Number of protein chains: 2
Amino acid sequence: MSDIDFHQLGDYIIHQISIDCVIFGFHEEQIKVLLLKVDEKNVWILPGGFILQNQDICDAVNHVLKTRTGLEDIYLRQFGVFGKKDRHFNEVEDEHFRKFGIEMGPDHWLRKRFISIGYFALLDYSKVETQKDKFSLECTWVDVNDLPNLVMDHKDIVEEGFEAMKNAFIKEYIGFKLLPPEFTMAEVQSLYETVLQEKFIRSNFQRKILGLNILDRLDKRMEGKPHKAPYLYKLKDDWESVRTF
Amino acid sequence: MSDIDFHQLGDYIIHQISIDCVIFGFHEEQIKVLLLKVDEKNVWILPGGFILQNQDICDAVNHVLKTRTGLEDIYLRQFGVFGKKDRHFNEVEDEHFRKFGIEMGPDHWLRKRFISIGYFALLDYSKVETQKDKFSLECTWVDVNDLPNLVMDHKDIVEEGFEAMKNAFIKEYIGFKLLPPEFTMAEVQSLYETVLQEKFIRSNFQRKILGLNILDRLDKRMEGKPHKAPYLYKLKDDWESVRTF
(Lines give C-alpha, C1' and ligand atoms only; values in the text may rest on other atoms or scores of the structure.)
Protein backbone atom coordinates (compact mmCIF):
# COMPACT_ATOMS: atom_id res chain seq x y z
CA MET A 1 0.00 0.00 0.00
CA SER A 2 2.96 2.25 0.67
CA ASP A 3 3.56 3.11 -2.96
CA ILE A 4 0.07 4.57 -3.38
CA ASP A 5 -0.41 8.21 -2.49
CA PHE A 6 -2.79 8.79 0.39
CA HIS A 7 -4.88 11.18 -1.74
CA GLN A 8 -5.52 8.42 -4.25
CA LEU A 9 -5.86 5.58 -1.76
CA GLY A 10 -9.63 6.04 -1.70
CA ASP A 11 -9.78 4.85 -5.30
CA TYR A 12 -8.12 1.53 -4.45
CA ILE A 13 -9.51 0.44 -1.11
CA ILE A 14 -12.81 -0.93 0.09
CA HIS A 15 -14.49 2.04 1.72
CA GLN A 16 -15.80 1.99 5.28
CA ILE A 17 -13.79 -1.07 6.36
CA SER A 18 -10.52 -0.95 8.23
CA ILE A 19 -8.35 -3.41 10.13
CA ASP A 20 -6.80 -2.80 13.54
CA CYS A 21 -4.03 -4.92 15.02
CA VAL A 22 -3.42 -5.37 18.73
CA ILE A 23 0.16 -6.61 18.70
CA PHE A 24 1.27 -8.17 21.99
CA GLY A 25 4.78 -8.72 23.27
CA PHE A 26 6.14 -9.94 26.63
CA HIS A 27 9.05 -8.07 28.18
CA GLU A 28 10.26 -7.47 31.72
CA GLU A 29 7.17 -8.96 33.33
CA GLN A 30 4.81 -6.80 31.31
CA ILE A 31 2.44 -7.57 28.47
CA LYS A 32 3.13 -4.81 25.99
CA VAL A 33 1.09 -3.58 23.06
CA LEU A 34 2.52 -1.78 20.04
CA LEU A 35 1.09 1.72 19.48
CA LEU A 36 1.71 4.68 17.19
CA LYS A 37 1.88 8.20 18.56
CA VAL A 38 0.25 10.53 16.05
CA ASP A 39 0.32 13.83 17.86
CA GLU A 40 2.47 15.86 20.24
CA LYS A 41 -0.68 16.15 22.35
CA ASN A 42 -0.10 12.50 23.27
CA VAL A 43 -2.72 10.96 20.98
CA TRP A 44 -2.06 7.32 20.05
CA ILE A 45 -3.54 4.86 17.57
CA LEU A 46 -3.32 1.15 16.89
CA PRO A 47 -1.38 -0.10 13.89
CA GLY A 48 -3.95 -0.68 11.19
CA GLY A 49 -4.87 -0.12 7.62
CA PHE A 50 -7.27 -0.67 4.78
CA ILE A 51 -8.01 -3.46 2.34
CA LEU A 52 -7.26 -2.94 -1.32
CA GLN A 53 -9.98 -4.00 -3.73
CA ASN A 54 -7.63 -6.61 -5.18
CA GLN A 55 -6.15 -7.77 -1.87
CA ASP A 56 -7.16 -10.68 0.39
CA ILE A 57 -7.93 -9.41 3.88
CA CYS A 58 -5.28 -11.70 5.43
CA ASP A 59 -2.66 -10.15 3.15
CA ALA A 60 -3.74 -6.69 4.30
CA VAL A 61 -3.32 -7.74 7.94
CA ASN A 62 0.05 -9.39 7.35
CA HIS A 63 1.17 -6.26 5.51
CA VAL A 64 0.39 -4.15 8.58
CA LEU A 65 2.22 -6.57 10.89
CA LYS A 66 5.26 -6.82 8.63
CA THR A 67 5.46 -3.05 8.14
CA ARG A 68 5.32 -2.24 11.87
CA THR A 69 7.44 -5.09 13.25
CA GLY A 70 9.66 -6.33 10.44
CA LEU A 71 8.37 -9.87 11.09
CA GLU A 72 6.50 -12.38 8.94
CA ASP A 73 4.48 -15.47 9.85
CA ILE A 74 3.23 -13.90 13.07
CA TYR A 75 0.70 -15.83 15.17
CA LEU A 76 -2.53 -13.86 14.78
CA ARG A 77 -6.20 -14.24 15.39
CA GLN A 78 -9.26 -12.24 14.40
CA PHE A 79 -11.08 -11.50 17.63
CA GLY A 80 -13.77 -8.90 17.07
CA VAL A 81 -15.58 -6.46 14.84
CA PHE A 82 -16.15 -2.87 15.84
CA GLY A 83 -19.24 -1.65 14.07
CA LYS A 84 -21.14 1.00 16.01
CA LYS A 85 -23.08 3.28 13.71
CA ASP A 86 -21.37 6.42 15.06
CA ARG A 87 -17.87 5.04 14.55
CA HIS A 88 -16.23 7.93 12.71
CA PHE A 89 -12.62 9.00 12.59
CA ASN A 90 -13.51 12.50 13.73
CA GLU A 91 -11.19 12.93 16.65
CA VAL A 92 -8.10 13.27 14.54
CA GLU A 93 -8.35 16.86 13.45
CA ASP A 94 -7.90 18.10 9.89
CA GLU A 95 -4.98 20.06 11.24
CA HIS A 96 -3.08 16.84 11.94
CA PHE A 97 -3.43 15.66 8.35
CA ARG A 98 -2.61 19.12 7.01
CA LYS A 99 0.83 18.76 8.59
CA PHE A 100 1.40 15.87 6.21
CA GLY A 101 0.06 17.80 3.21
CA ILE A 102 -3.38 16.14 3.23
CA GLU A 103 -6.52 18.25 3.00
CA MET A 104 -9.26 16.17 4.61
CA GLY A 105 -12.50 18.15 4.49
CA PRO A 106 -15.85 16.76 5.64
CA ASP A 107 -16.49 14.54 2.58
CA HIS A 108 -13.14 12.76 2.56
CA TRP A 109 -13.43 8.93 2.45
CA LEU A 110 -11.62 8.74 5.80
CA ARG A 111 -14.44 10.74 7.40
CA LYS A 112 -17.09 8.09 6.66
CA ARG A 113 -18.38 5.55 9.14
CA PHE A 114 -15.85 2.72 9.42
CA ILE A 115 -16.34 -0.87 10.51
CA SER A 116 -13.05 -2.14 11.87
CA ILE A 117 -11.99 -5.75 12.06
CA GLY A 118 -9.79 -6.50 15.08
CA TYR A 119 -6.88 -8.93 15.07
CA PHE A 120 -4.51 -9.72 17.88
CA ALA A 121 -0.98 -10.88 17.22
CA LEU A 122 1.50 -12.61 19.52
CA LEU A 123 5.18 -12.40 18.82
CA ASP A 124 8.65 -12.75 20.22
CA TYR A 125 9.36 -9.25 21.57
CA SER A 126 13.11 -9.62 21.17
CA LYS A 127 12.79 -10.09 17.41
CA VAL A 128 10.77 -6.94 16.67
CA GLU A 129 12.15 -3.85 15.00
CA THR A 130 9.39 -1.29 15.34
CA GLN A 131 8.78 1.09 12.46
CA LYS A 132 6.57 4.20 12.53
CA ASP A 133 4.61 5.37 9.49
CA LYS A 134 4.67 8.79 7.88
CA PHE A 135 1.60 10.00 9.78
CA SER A 136 3.01 9.21 13.22
CA LEU A 137 5.80 10.48 15.46
CA GLU A 138 6.81 7.16 16.98
CA CYS A 139 5.94 3.45 17.17
CA THR A 140 6.48 2.11 20.68
CA TRP A 141 5.66 -0.73 23.06
CA VAL A 142 3.34 0.31 25.88
CA ASP A 143 2.29 -1.64 29.00
CA VAL A 144 -1.22 -2.97 28.24
CA ASN A 145 -2.19 -2.15 31.84
CA ASP A 146 -1.10 1.47 31.50
CA LEU A 147 -2.45 2.72 28.17
CA PRO A 148 -2.09 6.30 26.98
CA ASN A 149 -4.85 8.36 25.34
CA LEU A 150 -6.07 6.46 22.26
CA VAL A 151 -8.25 7.82 19.45
CA MET A 152 -11.83 6.82 18.81
CA ASP A 153 -12.59 3.37 20.28
CA HIS A 154 -9.02 2.12 20.01
CA LYS A 155 -8.78 1.73 23.79
CA ASP A 156 -11.86 -0.55 23.67
CA ILE A 157 -10.23 -2.51 20.85
CA VAL A 158 -7.05 -3.02 22.91
CA GLU A 159 -9.07 -4.04 25.95
CA GLU A 160 -11.29 -6.47 24.03
CA GLY A 161 -8.23 -7.83 22.29
CA PHE A 162 -6.52 -8.33 25.64
CA GLU A 163 -9.59 -10.11 27.04
CA ALA A 164 -9.75 -12.36 23.97
CA MET A 165 -6.02 -13.03 24.26
CA LYS A 166 -6.30 -13.85 27.99
CA ASN A 167 -9.24 -16.15 27.37
CA ALA A 168 -7.33 -18.05 24.69
CA PHE A 169 -4.22 -17.95 26.90
CA ILE A 170 -6.09 -19.74 29.70
CA LYS A 171 -8.15 -22.12 27.58
CA GLU A 172 -6.01 -22.70 24.49
CA TYR A 173 -2.48 -22.13 25.77
CA ILE A 174 -1.52 -19.70 23.03
CA GLY A 175 0.80 -17.76 25.33
CA PHE A 176 3.88 -19.71 24.27
CA LYS A 177 3.76 -17.68 21.06
CA LEU A 178 4.95 -14.72 23.17
CA LEU A 179 8.18 -16.57 23.95
CA PRO A 180 11.15 -17.41 21.74
CA PRO A 181 10.81 -20.81 19.99
CA GLU A 182 12.95 -22.38 22.76
CA PHE A 183 12.31 -21.34 26.33
CA THR A 184 12.90 -22.30 29.95
CA MET A 185 10.23 -23.26 32.46
CA ALA A 186 11.12 -20.13 34.44
CA GLU A 187 10.23 -18.01 31.41
CA VAL A 188 6.90 -19.82 31.06
CA GLN A 189 6.13 -19.29 34.73
CA SER A 190 7.01 -15.59 34.54
CA LEU A 191 4.71 -15.23 31.51
CA TYR A 192 1.81 -17.00 33.24
CA GLU A 193 2.28 -14.97 36.41
CA THR A 194 2.27 -11.77 34.39
CA VAL A 195 -0.85 -12.53 32.34
CA LEU A 196 -2.87 -14.15 35.13
CA GLN A 197 -1.57 -11.71 37.76
CA GLU A 198 -0.93 -14.36 40.38
CA LYS A 199 2.09 -16.22 41.76
CA PHE A 200 2.55 -19.98 41.39
CA ILE A 201 4.67 -22.45 43.34
CA ARG A 202 7.44 -23.59 41.03
CA SER A 203 6.99 -27.35 41.35
CA ASN A 204 3.19 -27.22 41.07
CA PHE A 205 3.39 -24.92 38.09
CA GLN A 206 5.87 -27.12 36.28
CA ARG A 207 3.74 -30.23 36.92
CA LYS A 208 0.63 -28.51 35.62
CA ILE A 209 2.30 -27.14 32.49
CA LEU A 210 4.00 -30.42 31.63
CA GLY A 211 0.71 -32.21 32.33
CA LEU A 212 -0.84 -30.33 29.41
CA ASN A 213 1.35 -32.50 27.21
CA ILE A 214 2.02 -29.75 24.69
CA LEU A 215 5.75 -29.19 25.34
CA ASP A 216 8.80 -31.18 24.29
CA ARG A 217 11.93 -30.97 26.43
CA LEU A 218 14.99 -30.47 24.25
CA ASP A 219 18.20 -32.43 24.59
CA LYS A 220 20.18 -29.24 25.06
CA ARG A 221 20.09 -26.88 28.03
CA MET A 222 20.20 -23.12 28.12
CA GLU A 223 23.60 -21.82 27.12
CA GLY A 224 25.97 -19.98 29.39
CA LYS A 225 25.60 -22.08 32.53
CA PRO A 226 27.25 -25.48 32.03
CA HIS A 227 26.19 -26.74 35.47
CA LYS A 228 22.64 -26.40 36.73
CA ALA A 229 21.66 -24.87 33.40
CA PRO A 230 17.87 -24.99 33.01
CA TYR A 231 16.27 -27.28 30.46
CA LEU A 232 14.92 -25.81 27.26
CA TYR A 233 11.45 -26.63 25.98
CA LYS A 234 9.55 -26.04 22.77
CA LEU A 235 5.92 -26.34 21.72
CA LYS A 236 4.90 -29.64 20.15
CA ASP A 237 3.77 -29.35 16.55
CA ASP A 238 0.25 -30.52 17.47
CA TRP A 239 -0.10 -28.30 20.57
CA GLU A 240 -3.26 -26.67 19.23
CA SER A 241 -5.21 -29.94 19.37
CA VAL A 242 -5.03 -30.22 23.17
CA ARG A 243 -8.47 -30.98 24.60
CA THR A 244 -9.69 -29.75 27.95
CA PHE A 245 -12.77 -31.94 28.20
CA MET B 1 -34.57 -3.71 6.61
CA SER B 2 -37.71 -5.40 5.38
CA ASP B 3 -39.57 -2.18 4.65
CA ILE B 4 -36.94 -0.98 2.17
CA ASP B 5 -37.26 -2.14 -1.41
CA PHE B 6 -34.38 -4.30 -2.61
CA HIS B 7 -33.75 -1.96 -5.56
CA GLN B 8 -33.15 0.93 -3.19
CA LEU B 9 -31.32 -1.04 -0.51
CA GLY B 10 -27.99 -0.11 -2.07
CA ASP B 11 -28.60 3.51 -1.08
CA TYR B 12 -28.94 2.62 2.59
CA ILE B 13 -26.37 -0.07 3.31
CA ILE B 14 -22.61 -0.16 3.67
CA HIS B 15 -21.41 -1.57 0.38
CA GLN B 16 -19.14 -4.60 0.13
CA ILE B 17 -19.80 -5.85 3.68
CA SER B 18 -22.26 -8.57 4.58
CA ILE B 19 -22.99 -10.69 7.62
CA ASP B 20 -23.56 -14.44 7.60
CA CYS B 21 -25.07 -16.38 10.48
CA VAL B 22 -24.38 -20.04 11.20
CA ILE B 23 -27.33 -20.87 13.44
CA PHE B 24 -26.91 -24.14 15.34
CA GLY B 25 -29.60 -26.27 16.95
CA PHE B 26 -29.48 -29.72 18.59
CA HIS B 27 -32.19 -32.21 17.71
CA GLU B 28 -32.42 -36.00 17.58
CA GLU B 29 -28.70 -36.51 18.13
CA GLN B 30 -27.75 -34.18 15.31
CA ILE B 31 -26.21 -30.72 15.29
CA LYS B 32 -28.35 -28.86 12.78
CA VAL B 33 -27.71 -25.63 10.92
CA LEU B 34 -30.41 -23.35 9.56
CA LEU B 35 -30.24 -22.80 5.79
CA LEU B 36 -32.31 -21.12 3.09
CA LYS B 37 -33.03 -22.89 -0.19
CA VAL B 38 -32.94 -20.30 -2.96
CA ASP B 39 -33.40 -22.41 -6.03
CA GLU B 40 -35.21 -25.50 -7.28
CA LYS B 41 -31.78 -26.68 -8.43
CA ASN B 42 -31.02 -27.31 -4.74
CA VAL B 43 -28.89 -24.23 -4.12
CA TRP B 44 -28.75 -23.11 -0.49
CA ILE B 45 -27.45 -20.06 1.36
CA LEU B 46 -26.83 -19.05 4.95
CA PRO B 47 -29.15 -16.59 6.65
CA GLY B 48 -27.46 -13.24 6.35
CA GLY B 49 -27.83 -9.63 5.45
CA PHE B 50 -26.33 -6.20 5.19
CA ILE B 51 -25.63 -3.34 7.56
CA LEU B 52 -27.55 -0.12 7.19
CA GLN B 53 -25.49 3.05 7.33
CA ASN B 54 -27.34 4.08 10.49
CA GLN B 55 -27.37 0.63 12.13
CA ASP B 56 -24.98 -0.91 14.65
CA ILE B 57 -23.59 -4.18 13.31
CA CYS B 58 -24.91 -6.13 16.32
CA ASP B 59 -28.41 -4.84 15.57
CA ALA B 60 -28.05 -6.05 11.98
CA VAL B 61 -27.05 -9.51 13.20
CA ASN B 62 -29.84 -9.70 15.76
CA HIS B 63 -32.28 -8.60 13.07
CA VAL B 64 -31.23 -11.56 10.90
CA LEU B 65 -31.55 -13.99 13.81
CA LYS B 66 -34.93 -12.64 14.90
CA THR B 67 -36.30 -12.67 11.36
CA ARG B 68 -35.28 -16.28 10.63
CA THR B 69 -36.02 -17.86 14.02
CA GLY B 70 -38.54 -15.65 15.80
CA LEU B 71 -36.18 -15.52 18.81
CA GLU B 72 -34.43 -12.66 20.57
CA ASP B 73 -31.45 -12.62 22.94
CA ILE B 74 -29.78 -15.51 21.16
CA TYR B 75 -26.31 -16.60 22.29
CA LEU B 76 -24.01 -15.55 19.46
CA ARG B 77 -20.37 -15.08 18.72
CA GLN B 78 -18.44 -13.51 15.89
CA PHE B 79 -16.01 -16.19 14.71
CA GLY B 80 -14.45 -15.20 11.41
CA VAL B 81 -14.13 -12.84 8.50
CA PHE B 82 -14.31 -14.03 4.92
CA GLY B 83 -12.35 -11.63 2.80
CA LYS B 84 -10.81 -13.28 -0.25
CA LYS B 85 -10.33 -10.79 -3.06
CA ASP B 86 -12.36 -12.89 -5.52
CA ARG B 87 -15.33 -13.21 -3.17
CA HIS B 88 -18.19 -12.25 -5.49
CA PHE B 89 -21.83 -13.26 -5.41
CA ASN B 90 -21.65 -14.47 -9.00
CA GLU B 91 -23.03 -17.98 -8.64
CA VAL B 92 -26.57 -16.86 -8.09
CA GLU B 93 -27.67 -16.13 -11.62
CA ASP B 94 -29.48 -12.99 -12.75
CA GLU B 95 -32.30 -15.32 -13.73
CA HIS B 96 -32.91 -16.15 -10.07
CA PHE B 97 -33.35 -12.51 -9.12
CA ARG B 98 -35.45 -11.83 -12.21
CA LYS B 99 -38.02 -14.26 -10.81
CA PHE B 100 -38.46 -11.82 -7.92
CA GLY B 101 -38.65 -8.80 -10.23
CA ILE B 102 -35.05 -7.68 -9.70
CA GLU B 103 -32.83 -6.82 -12.66
CA MET B 104 -29.27 -7.37 -11.45
CA GLY B 105 -26.90 -6.59 -14.31
CA PRO B 106 -23.11 -6.60 -13.95
CA ASP B 107 -22.82 -3.26 -12.11
CA HIS B 108 -25.38 -3.97 -9.41
CA TRP B 109 -24.10 -3.35 -5.86
CA LEU B 110 -24.69 -7.03 -5.05
CA ARG B 111 -22.18 -7.99 -7.76
CA LYS B 112 -19.27 -6.25 -6.03
CA ARG B 113 -16.65 -7.98 -3.95
CA PHE B 114 -18.07 -8.62 -0.47
CA ILE B 115 -16.29 -9.14 2.82
CA SER B 116 -18.52 -11.20 5.05
CA ILE B 117 -18.44 -11.26 8.82
CA GLY B 118 -19.34 -14.66 10.25
CA TYR B 119 -21.32 -15.18 13.45
CA PHE B 120 -22.42 -18.43 14.98
CA ALA B 121 -25.53 -18.66 17.13
CA LEU B 122 -26.62 -21.35 19.58
CA LEU B 123 -30.26 -21.71 20.47
CA ASP B 124 -32.92 -23.99 21.86
CA TYR B 125 -34.13 -25.86 18.78
CA SER B 126 -37.58 -26.47 20.23
CA LYS B 127 -38.28 -22.74 20.49
CA VAL B 128 -37.53 -21.84 16.87
CA GLU B 129 -40.15 -20.98 14.27
CA THR B 130 -38.24 -20.82 11.02
CA GLN B 131 -39.19 -18.17 8.50
CA LYS B 132 -38.00 -17.97 4.88
CA ASP B 133 -37.46 -14.66 3.11
CA LYS B 134 -38.94 -13.52 -0.18
CA PHE B 135 -35.91 -14.63 -2.20
CA SER B 136 -35.96 -18.22 -0.94
CA LEU B 137 -38.17 -21.27 -1.26
CA GLU B 138 -37.72 -22.62 2.24
CA CYS B 139 -35.85 -22.14 5.52
CA THR B 140 -34.92 -25.49 7.05
CA TRP B 141 -32.67 -27.20 9.58
CA VAL B 142 -30.00 -29.38 7.97
CA ASP B 143 -27.56 -31.84 9.59
CA VAL B 144 -24.22 -30.00 9.79
CA ASN B 145 -22.48 -33.25 8.82
CA ASP B 146 -24.58 -33.64 5.68
CA LEU B 147 -24.69 -30.24 4.00
CA PRO B 148 -26.37 -29.60 0.66
CA ASN B 149 -24.92 -27.49 -2.17
CA LEU B 150 -24.19 -24.02 -0.80
CA VAL B 151 -23.42 -20.88 -2.83
CA MET B 152 -20.06 -19.18 -2.96
CA ASP B 153 -17.96 -19.97 0.16
CA HIS B 154 -20.98 -20.56 2.40
CA LYS B 155 -19.94 -24.17 2.95
CA ASP B 156 -16.54 -22.95 4.20
CA ILE B 157 -18.33 -20.50 6.48
CA VAL B 158 -20.47 -23.29 7.96
CA GLU B 159 -17.43 -25.51 8.42
CA GLU B 160 -15.30 -22.79 10.00
CA GLY B 161 -18.26 -21.83 12.19
CA PHE B 162 -18.66 -25.45 13.27
CA GLU B 163 -14.96 -25.72 14.07
CA ALA B 164 -15.11 -22.50 16.09
CA MET B 165 -18.24 -23.75 17.85
CA LYS B 166 -16.65 -27.13 18.65
CA ASN B 167 -13.50 -25.47 19.95
CA ALA B 168 -15.52 -23.22 22.25
CA PHE B 169 -17.71 -26.21 23.13
CA ILE B 170 -14.67 -28.15 24.36
CA LYS B 171 -12.77 -25.29 25.96
CA GLU B 172 -15.47 -22.88 27.08
CA TYR B 173 -18.48 -25.16 27.64
CA ILE B 174 -20.85 -23.05 25.54
CA GLY B 175 -22.83 -26.13 24.44
CA PHE B 176 -25.41 -25.76 27.19
CA LYS B 177 -26.82 -22.89 25.14
CA LEU B 178 -28.10 -25.56 22.72
CA LEU B 179 -30.30 -26.99 25.47
CA PRO B 180 -33.44 -25.61 27.10
CA PRO B 181 -32.72 -23.46 30.19
CA GLU B 182 -33.40 -26.52 32.40
CA PHE B 183 -32.03 -29.89 31.29
CA THR B 184 -31.22 -33.38 32.49
CA MET B 185 -27.77 -34.93 32.67
CA ALA B 186 -28.87 -37.41 29.98
CA GLU B 187 -29.55 -34.50 27.61
CA VAL B 188 -26.10 -33.04 28.35
CA GLN B 189 -24.46 -36.41 27.69
CA SER B 190 -26.34 -36.86 24.44
CA LEU B 191 -25.24 -33.39 23.33
CA TYR B 192 -21.60 -34.04 24.21
CA GLU B 193 -21.64 -37.41 22.49
CA THR B 194 -23.13 -35.83 19.37
CA VAL B 195 -20.68 -32.94 19.13
CA LEU B 196 -17.54 -34.85 20.14
CA GLN B 197 -18.62 -38.00 18.27
CA GLU B 198 -17.68 -40.36 21.06
CA LYS B 199 -19.51 -42.32 23.75
CA PHE B 200 -19.01 -41.68 27.46
CA ILE B 201 -19.67 -43.86 30.50
CA ARG B 202 -22.59 -42.30 32.37
CA SER B 203 -21.05 -42.06 35.84
CA ASN B 204 -17.70 -40.76 34.57
CA PHE B 205 -19.39 -38.23 32.35
CA GLN B 206 -21.57 -36.93 35.15
CA ARG B 207 -18.59 -36.61 37.51
CA LYS B 208 -16.61 -34.71 34.88
CA ILE B 209 -19.44 -32.33 33.99
CA LEU B 210 -20.34 -31.61 37.62
CA GLY B 211 -16.64 -31.16 38.36
CA LEU B 212 -16.62 -28.16 36.03
CA ASN B 213 -18.68 -26.41 38.71
CA ILE B 214 -20.80 -24.49 36.21
CA LEU B 215 -24.17 -26.23 36.81
CA ASP B 216 -26.72 -25.85 39.58
CA ARG B 217 -29.00 -28.80 40.37
CA LEU B 218 -32.58 -27.61 40.74
CA ASP B 219 -34.88 -28.60 43.59
CA LYS B 220 -37.43 -29.98 41.15
CA ARG B 221 -37.09 -33.03 38.95
CA MET B 222 -38.18 -33.57 35.37
CA GLU B 223 -41.95 -33.71 35.12
CA GLY B 224 -43.95 -36.77 34.12
CA LYS B 225 -42.10 -39.41 36.08
CA PRO B 226 -42.83 -38.99 39.81
CA HIS B 227 -40.50 -41.84 40.79
CA LYS B 228 -36.98 -42.09 39.43
CA ALA B 229 -37.49 -38.80 37.59
CA PRO B 230 -34.11 -37.38 36.60
CA TYR B 231 -32.77 -34.25 38.24
CA LEU B 232 -32.89 -30.99 36.35
CA TYR B 233 -29.88 -28.72 36.06
CA LYS B 234 -29.28 -25.19 34.86
CA LEU B 235 -26.19 -23.13 34.04
CA LYS B 236 -24.82 -20.98 36.85
CA ASP B 237 -24.94 -17.27 36.15
CA ASP B 238 -21.14 -17.04 36.25
CA TRP B 239 -20.51 -20.14 34.11
CA GLU B 240 -18.46 -18.16 31.58
CA SER B 241 -15.73 -17.40 34.12
CA VAL B 242 -14.69 -21.06 34.53
CA ARG B 243 -10.91 -21.38 34.28
CA THR B 244 -9.16 -24.37 32.80
CA PHE B 245 -5.67 -23.50 33.99
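The values are calculated or read from the model by the stated rules, or taken from the named source; none is laboratory data. Only a predicted model underlies this, so the values are computations on that prediction, with no experimental measurement involved. Cβ: placed from backbone, ideal geometry, glycine included. Neighbour counts: every protein chain shown.
Tally the residues that are under 30 Å from the mean Cα position of the chain (by Cα) and either of a type outside the set (A, V, I, L, M) or in the same structural domain as B:Glu29 (by TED's automatic domain parsing) (or both), restricting the search to region B:208-220. First the steps, then the outcome.
Of the residues in region B:208-220, the ones under 30 Å from the mean Cα position of the chain (by Cα) are B:208-218.
Those left that are additionally either of a type outside the set (A, V, I, L, M) or in the same structural domain as B:Glu29 (by TED's automatic domain parsing) (or both): B:208, B:211, B:213, B:216-217.
Residues in region B:208-220 being under 30 Å from the mean Cα position of the chain (by Cα) and either of a type outside the set (A, V, I, L, M) or in the same structural domain as B:Glu29 (by TED's automatic domain parsing) (or both): 5 in total.
Out of region A:111-132, which residues are buried (at least 17 other Cβ atoms within 10 Å of the Cβ) and acidic (Asp, Glu)?
Selection gives A:Asp124 alone.
Out of A:Leu76, A:Leu71, I need the residue that is surrounded by fewer than 17 Cβ atoms within 10 Å (Cβ to Cβ), within 30 Å of A:Tyr192 (Cβ to Cβ) and either within 12 Å of another protein chain (Cβ to nearest Cβ) or touching a Leu at 6+ places or on another chain (Cβ under 9 Å) (or both). Which one?
A:Leu71
In the list B:Ile57, B:Ile45, B:Ile19, which residue meets the criterion of being within 14 Å of another protein chain (Cβ to nearest Cβ) and either closer than 16 Å to B:Leu110 by Cβ or touching a Pro at 6+ places or on another chain (Cβ under 6 Å) (or both)? Break it down into steps so the answer makes sense when it comes.
On the way: B:Ile57 fails: either closer than 16 Å to B:Leu110 by Cβ or touching a Pro at 6+ places or on another chain (Cβ under 6 Å) (or both); B:Ile45 fails: within 14 Å of another protein chain (Cβ to nearest Cβ).
Just a single option satisfies the conditions, and that option is B:Ile19.
Against the definition (aromatic (Phe, Trp, Tyr), closer than 14 Å to B:Tyr119 by Cα, away from chain A (no Cβ under 14 Å) and surrounded by 17 or more Cβ atoms within 10 Å (Cβ to Cβ)), how does B:Phe50 come out, yes or no?
no
Does any residue of region B:29-44 turn out to be at pLDDT below 95, among the acidic types (Asp, Glu) and surrounded by 15 or more Cβ atoms within 10 Å (Cβ to Cβ)?
Within region B:29-44 (the criterion being at pLDDT below 95, among the acidic types (Asp, Glu) and surrounded by 15 or more Cβ atoms within 10 Å (Cβ to Cβ)), the answer is yes, since at least one residue qualifies.
Determine, yes or no, whether B:Gln78 is under 14 Å from the mean Cα position of the chain (by Cα) and not hydrophobic (A, V, I, L, M, F, W, C).
Taking the combined requirement at face value, the residue satisfies it.
Assuming B:Ala164 fulfils every condition listed in (1) within 11 Å of chain A (Cβ to nearest Cβ); (2) farther than 30 Å from B:Asn90 by Cβ apart from one, which condition is it?
Exception for B:Ala164: condition (2).
Looking only at region A:60-70, which residues are touching a strand residue (DSSP E or B) at 6+ places or on another chain (Cβ under 9 Å) and over 22 Å from B:Tyr119 (Cα atoms)?
A:Asn62, A:His63, A:Val64, A:Leu65, A:Thr67, A:Arg68, A:Thr69
Quickly run through region B:154-192 and pick out the residues that are farther than 25 Å from B:Gly224 by Cα and either part of a loop (DSSP other than H, G, I, E, B) or of a type in the set (Asp, Glu) (or both).
Once the filter is applied, which keeps residues that are farther than 25 Å from B:Gly224 by Cα and either part of a loop (DSSP other than H, G, I, E, B) or of a type in the set (Asp, Glu) (or both), region B:154-192 yields B:Asp156, B:Glu159, B:Glu160, B:Glu163, B:Glu172, B:Tyr173.
Does region A:1-21 contain at least one residue that is over 30 Å from B:His88 (Cβ atoms), β-branched (Val, Ile, Thr) and surrounded by 22 or more Cβ atoms within 10 Å (Cβ to Cβ)?
We begin by selecting, within region A:1-21, every residue over 30 Å from B:His88 (Cβ atoms); these are none.
No, that holds for no residue.
Does region A:234-241 contain at least one residue that is within 29 Å of the chain's Cα centre (by Cα), within 12 Å of chain B (Cβ to nearest Cβ) and modelled with pLDDT under 95?
Yes, that holds for at least one residue.
Looking only at region A:194-212, filter to residues that are in contact with a helix residue (DSSP H, G or I) (Cβ under 9 Å, 6 or more places away or on another chain) and surrounded by fewer than 13 Cβ atoms within 10 Å (Cβ to Cβ); which one of those is farthest from B:Ala168 (Cα to Cα)?
This residue is A:Arg202.
Of all residues in region B:85-110 being under 28 Å from A:Phe50 (Cα atoms) and acidic (Asp, Glu), which is surrounded by the fewest Cβ atoms within 10 Å (Cβ to Cβ)?
The qualifying residue surrounded by the fewest Cβ atoms within 10 Å (Cβ to Cβ) is B:Asp107.
Name the residue, out of A:Phe82, A:Phe24, that is farther than 18 Å from A:Leu123 by Cβ and among the aromatic types (Phe, Trp, Tyr).
A:Phe82
Look at region B:167-198 and say how many of its residues are more than 14 Å from every other protein chain (Cβ to nearest Cβ) and without any contact (Cβ under 8 Å) to a residue 24 or more places away in the chain.
1
So is A:Asp143 surrounded by fewer than 16 Cβ atoms within 10 Å (Cβ to Cβ), closer than 24 Å to A:Phe26 by Cβ, at pLDDT 95 or above and touching a strand residue (DSSP E or B) at 6+ places or on another chain (Cβ under 9 Å) or not?
Details: surrounded by fewer than 16 Cβ atoms within 10 Å (Cβ to Cβ): yes; closer than 24 Å to A:Phe26 by Cβ: yes; at pLDDT 95 or above: yes; touching a strand residue (DSSP E or B) at 6+ places or on another chain (Cβ under 9 Å): yes.
When the stated conditions are applied, A:Asp143 passes them.
Give region A:14-25 a look and list any residue that's more than 20 Å from A:Trp44 (Cβ to Cβ) and touching a residue at least 60 places away in the same chain (Cβ under 8 Å), or say none.
Within region A:14-25, A:His15, A:Gln16, A:Ile17 qualify.
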